[in-house]
1. Restricting attention to the stretch 147-194, which residues are farther than 19 Å from MET470 by Cβ and in contact with a Pro (Cβ under 9 Å, 6 or more places away or on another chain)?
2. Could you check the stretch 91-205 for helices (runs of 4 or more DSSP H) lying wholly inside it with 2 or more residues that are modelled with pLDDT of 95 or more and open to solvent by 60 Å² or more (accessible area, probe 1.4 Å)?
3. Suppose the filter is more than 22 Å from ASP410 (Cβ to Cβ) and in contact with a strand residue (DSSP E or B) (Cβ under 7 Å, 6 or more places away or on another chain); does LEU453 pass it?
4. For VAL398, are the conditions met, namely being open to solvent by less than 70 Å² (accessible area, probe 1.4 Å), within 21 Å of GLY257 (Cβ to Cβ) and assigned to a strand (DSSP E or B)?
5. Do we find that ASN378 is surrounded by fewer than 22 Cβ atoms within 10 Å (Cβ to Cβ) and on the phi < 0 side of the Ramachandran plot in this structure?
6. Could you tell me whether ILE308 is surrounded by 20 or more Cβ atoms within 10 Å (Cβ to Cβ) and either in a strand (DSSP E or B) or touching a Leu at 6+ places or on another chain (Cβ under 7 Å) (or both)?
7. Exactly one condition in (1) over 17 Å from ILE387 (Cβ atoms); (2) part of a loop (DSSP other than H, G, I, E, B); (3) of a type outside the set (Val, Ile, Thr) is not met by LEU453; state its number.
8. Would it be correct to say that GLY397 is touching an Asp or Glu at 6+ places or on another chain (Cβ under 8 Å) and at positive phi?
Amino acid sequence: MMELVALCSSLSLPHLNPQVLQWKSQKVSRIMEDQFHSPIQYLNYSINRRTKMYRPVNIVKGAFTSCSSLFQPFLKIQRFSSRSWLLLISCGTTKFEECAISLYKVMNWQEKLKNCFSVLFIRLAFGVMLTMSVSVAISKAPSWALTDENLLFLEAWRTIDRAYFDKTFNGQSWFRYRENALRNEPMNTRAETYMAIKKMLATLDDPFTRFLEPEKFKSLRSGTQGALTGVGLSIGYPIRVDGSSTELVVISSAPGGPASRAGILPGDVILSIDDTNTETMGLYDAAERLQGPDGSLVQLAIRSGSEIKHIEVKRERVSLNPVKSRLCEVPGLGKDTSRIGYIKLTSFNQNASGAVKEAIETLRRNNVSAFVLDLRNNSGGLFPEGIEIAKIWLEKGVIVYICDSRGVRDIYETDGSNAIAASEPLAVLVNKGTASASEILAGALKDNKRAVLFGEPTFGKGKIQSVFEMSDGSGLAVTVARYETPAHTDIDKVGVIPDHPLPTSFPLDEDGFCRCIKDPAASCNLNDIKLFSR
């Protein structure tokens, strides 16, 4: 706090009885006593600025000295104590009344100054409190410094936090998991960080939300673009009478690809991949193990018939054509002949919808009267491609409902503007290897009464994933929604239920399909009347 002292020079007035008045500013008194160890006295600033001397003067009652105006500049501000400042004003000798008026102004100004300093004190106190609050908030932040590995983990955590469809995160506090992981999980190397991310994803209990190392993410992305670095095999589960599936079977091999050149044939069973038994291995895990960097080697144990082979195959970039087609002529009654266009769709990459259109147009030029769409062992792919292929076959209607934990949030439907094959009879073949986008397509065609489904219940993957690239080139496949068929059927872990079963011996390839429907005596035969009837 600052005190204002007006200093006046003494006057000798004989008709007045000088009386020393007691100074009432206790604070200044204490300051002065602290500084000079003597009773308080007013000080008059010396005119001699070079010497800057101070002369004690007593102010007496009735003998006021005249003072200069309050608003003239201060001649000196002298600090008397580390705790306070004393302002000194030079005074000259003028009339008594003017000095009294000036003294009144000084007193009035002093009151205003106190009010100003009261506001200033409140603001200062608020600023101190705010600073203390910020300091407390900062002190509660983690005391450790985040490393690059911690930041990569947090990037994965934030991706799940924003995109994952289940905002309960499998009934756990997602924020608390982050804090505990940063404190307790070792993240000193990139391998340890990857393990921490995988451990985090495992708490969601969602097999389709998974982490992909940089090479696996690169292979996945190239696979959806129509090419894949791997051995060139399409794999699936074998069909058994009791419904069991403990082995992985080769569905097809890319013509001219590494597996085809190594002599691996459709129907061969893969017993192990790089010495890892495939008996309990899932399709996704097996597919990831078969893929890898261009030029790398993979060891396969194959059972072909009764013979077991150990084959080393070099991975390379393989172009994927997702569609195979075949014209099958089936003898009818008398001289009539039925022409069936068979289309096998193996994946939903970015070439899929265009390849299906091309196959339809080619078969149409051969005057086909009906179509068979084979989706067996098609594990899915790009969701938009599944929607576009559904539009090819549908005149109008809902294709799929997209839902989250709160219900339907989006609807995909068609108005028929993209339909090119909406009138011919259509049969769809499915099995438990039919998953994801394949199930969306099969469910849309069934619920809109566009096709008859044959086979067995599909895989039951009623969730949709999006793939996110991380800053280090790795990736996250994250479940972002679930879906319902046009009849509002949630197929997750249940699958799409077909209208009719297929014979257990029904072949998986296009040549075998044509043989079965041509030969009425074959155990796998389905004549054209059964094939397209409900």
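The values are calculated or read from the model by the stated rules, or taken from the named source; none is laboratory data. Everything numeric in this text was worked out from a predicted model, so none of it was measured. Positions of Cβ are generated from backbone atoms using ideal geometry, with glycine treated the same way; all protein chains shown enter the neighbour counts. Surface areas here come from the heavy atoms of the whole protein model, side chains and all, with no ligands, DNA or RNA. Shrake-Rupley method; radii C 1.70, N 1.55, O 1.52, S 1.80 Å.
1. Once the filter is applied, which keeps residues that are farther than 19 Å from MET470 by Cβ and in contact with a Pro (Cβ under 9 Å, 6 or more places away or on another chain), the stretch 147-194 yields GLU179, ARG183.
2. Numbers: elements: 96-139, 148-163, 174-184, 190-202.
Of the helices (runs of 4 or more DSSP H) lying wholly inside the stretch 91-205, those with at least 2 residues that are modelled with pLDDT of 95 or more and open to solvent by 60 Å² or more (accessible area, probe 1.4 Å) span 148-163, 174-184, 190-202.
3. Considered against the rule, which asks whether it is more than 22 Å from ASP410 (Cβ to Cβ) and in contact with a strand residue (DSSP E or B) (Cβ under 7 Å, 6 or more places away or on another chain), LEU453 comes out as yes.
4. Criteria not met by VAL398.
5. no
6. So ILE308 fails the test.
7. Single failed check for LEU453: (2).
8. For GLY397, the condition - touching an Asp or Glu at 6+ places or on another chain (Cβ under 8 Å) and at positive phi - is met.
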